[in-house]
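Below is one structure, written out as structure tokens; the observations come after it.
The values are calculated or read from the model by the stated rules, or taken from the named source; none is laboratory data. The structure presented is a predicted model; accordingly, all values stated were derived computationally and were not measured. Cβ placement follows ideal geometry from the backbone for every residue including glycine, while neighbour counts extend to all protein chains displayed. Side chains are part of the model used for accessible areas, which takes the heavy atoms of the whole protein and leaves out ligands, DNA and RNA. Shrake-Rupley method; radii C 1.70, N 1.55, O 1.52, S 1.80 Å.
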Amino acid sequence: MSERTRTRPAGHTSAPTNSRLLRINGTLDPHVHLRGLEWSHKGTFASETAAALAGGYCAVFDMPNTPPATVNETSLQRKLIDLGAQARCDYKAWLGADPKRDPNPQELQQLGQQVCGLKLYCGETTGTLLIDRTLMESYIAAWSGPGPIGLHAEGDMIQHFIEAVARYGKVGHICHIPTKAAVEQLQAAKEAGVKLTAGVSPHHLFLTDRDLDALGPKAVMKPPLGQSTDRDALWEGLRSGVIDMVETDHAPHTWEEKQQHKPAFGVAGLDTCLPLMLTAASEGRIGYDLLPTILADAPRAVFGLAAADAESYVLLDPKSRWTITAENLHTDCGWSPFEGVSMTGRVVETVLRGRTVFKDSEVLAEPGFGQPL
Ligand code: NCD
Ligand code: ZN
Ligand code: ZN
């Protein structure tokens, strides 16, 4: 990649608290599906935010596709009440574009003040929020922010989204960017001045379609795993800054649901993302100095949060060696595509607003400790 296209500012190293530990302030995962509500059999706001704290995250943004879908004032308030009562980490919710009706700009403006962004489902996945290209355009035209418009899509629909975001002068965020082609489209659009950001998910960084045979339903998600050329382009995009951040797309399903003839799309990610990124850093695939940017500073800036304060942070041991097992996960679903994978790097302690909320493998925050952002 040429110097001209490098958009990433020089990384900064956060001050280690002693000679061994790394510290990242204000970790934020802007893309999780916590379940709860009508899907509490898959996981609850309490269980999945425990996985967030165990994974080193101070805050998460919850996606709108869990029923009842977050598409209006009533469903948003219902979710925020349950999140308020149960969340152990800080949180905010996404609003979803409603496939059943045209957008109402006034309503969107009012709801926009309460959410982190508007999510458009323009490709098949879990839930019932799929919209067509016409409705995608209408929602992009109608959205007034302040958060960005997030996109779930594959293939040509990503380029259609980019063009519509450019045409209407809006701010777009490509979720879980999956392919080399999409990275190239993103890079070209950024160079042309389109207001776009993107996140990449750990499963797309660490797995490819070659893992499907061994992992079976544990490797089934949307967008699907790509080829090694896609994975390599995602790493290069992350290193160069064309891809702005890492987002887990934590999407737990019960093991029973994964074993059906058509497995549910989605994999858990909160417990394992930071250890995976530390392991990648230990192997030289990414600099340790970039981790605060892609796991905290960039998502905070893109979603309009204040810079991280010094009271909320994660301490990481970059040298600790261990192996991911089902038993050491905190997500309710109890499985991960990364079971059996050796890690170099561990979450030691998570501190939220001055209080230790995870330490020595134990989640110490009670449900309701989390605050709305
Ligand atoms: C997600 C889910 O299960 O909620 N599934 C997935 O495969 N990623 C939804 C989504 O992000 O598309
Ligand atoms: Zn998605
Ligand atoms: Zn998702």
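Just a few scattered comments:
- For the range 192-200, the criterion of being modelled with pLDDT of 95 or more, in contact with a Ser or Thr (Cβ under 7 Å, 6 or more places away or on another chain) and either in a helix (DSSP H, G or I) or open to solvent by 10 Å² or more (accessible area, probe 1.4 Å) (or both) is met by no residue.
- Residue within the range 89-96 that is farther than 30 Å from residue 278 by Cβ and in contact with a Leu (Cβ under 6 Å, 6 or more places away or on another chain) present: yes
- Out of 65, 104, sole residue that is modelled with pLDDT of 95 or more, surrounded by fewer than 24 Cβ atoms within 10 Å (Cβ to Cβ) and either more than 16 Å from ligand 2 (Cβ to nearest atom) or basic (Lys, Arg) (or both): 104
- Residue 158 being within 16 Å of ligand 1 (Cβ to nearest atom), open to solvent by less than 10 Å² (accessible area, probe 1.4 Å), among the hydrophobic types (A, V, I, L, M, F, W, C) and under 22 Å from residue 62 (Cβ atoms): no
- Listed by first and then second residue, the pairs with beta-carbon distance under 7 Å, at least 6 apart or on different chains, first residue in the range 300-312 and within 10 Å of residue 59 (Cβ to Cβ), second of a type in the set (D, E, K, R) and assigned to a loop (DSSP other than H, G, I, E, B), are 312/353.
- Residues satisfying the stated conditions in the range 246-280, i.e. more than 11 Å from ligand 1 (Cβ to nearest atom) and under 28 Å from residue 296 (Cβ atoms): 246, 270, 271, 272, 273, 274, 275, 276, 277, 278, 279, 280
- Restricting attention to the range 235-259, the residues being closer than 26 Å to residue 195 by Cβ and within 16 Å of ligand 2 (Cβ to nearest atom) number 6.
- Complete set of residues in the range 76-101 that are among the aliphatic types (A, V, I, L, M) and surrounded by 15 or more Cβ atoms within 10 Å (Cβ to Cβ): 76, 80, 83, 87, 93, 95, 97
- Scan the range 355-364 for residues that are open to solvent by less than 50 Å² (accessible area, probe 1.4 Å) and over 18 Å from residue 25 (Cα atoms) and the total you get is 1.
- The residue of the range 174-193 that is farthest from residue 116 (Cα to Cα), among those that are in contact with a Leu (Cβ under 7 Å, 6 or more places away or on another chain) and within 16 Å of ligand 1 (Cβ to nearest atom), is 177.
- The residues in the range 137-171 that are under 15 Å from residue 112 (Cβ atoms) and not in a helix (DSSP H, G or I) can be counted, and the count is 10.
- Test: residue in the range 266-282 that is surrounded by fewer than 22 Cβ atoms within 10 Å (Cβ to Cβ), modelled with pLDDT of 95 or more and in a loop (DSSP other than H, G, I, E, B): no
- Single unsatisfied condition, residue 366 versus (1) within 30 Å of residue 214 (Cα to Cα); (2) assigned to a loop (DSSP other than H, G, I, E, B); (3) in contact with a Lys or Arg (Cβ under 9 Å, 6 or more places away or on another chain): (1)
- Residues (charged (D, E, K, R) and either within 13 Å of ligand 1 (Cβ to nearest atom) or open to solvent by less than 20 Å² (accessible area, probe 1.4 Å) (or both)) located in the range 20-37: 29, 35
- No other residue among 325, 254, 356 is touching a residue at least 24 places away in the same chain (Cβ under 8 Å) and among the β-branched types (Val, Ile, Thr) apart from 254.
- Residue within the range 204-217 that is touching a Gly at 6+ places or on another chain (Cβ under 9 Å), within 13 Å of ligand 1 (Cβ to nearest atom), part of a helix (DSSP H, G or I) and of a type outside the set (Val, Ile, Thr) present: yes
- Checking each residue in the range 164-182 for being open to solvent by 10 Å² or more (accessible area, probe 1.4 Å) and either among the small types (Gly, Ala, Ser) or out of contact with any Lys or Arg (no Cβ under 6 Å at 6 or more places or on another chain) (or both) picks out 166, 167, 168, 169, 170, 179, 180, 181.
- Of all residues making up the range 339-354, the number that are farther than 26 Å from residue 90 by Cα and either modelled with pLDDT under 95 or open to solvent by less than 50 Å² (accessible area, probe 1.4 Å) (or both): 2
- Residues in the range 300-321 that are open to solvent by 30 Å² or more (accessible area, probe 1.4 Å), touching a Lys or Arg at 6+ places or on another chain (Cβ under 6 Å) and farther than 16 Å from residue 52 by Cβ: 311 alone.
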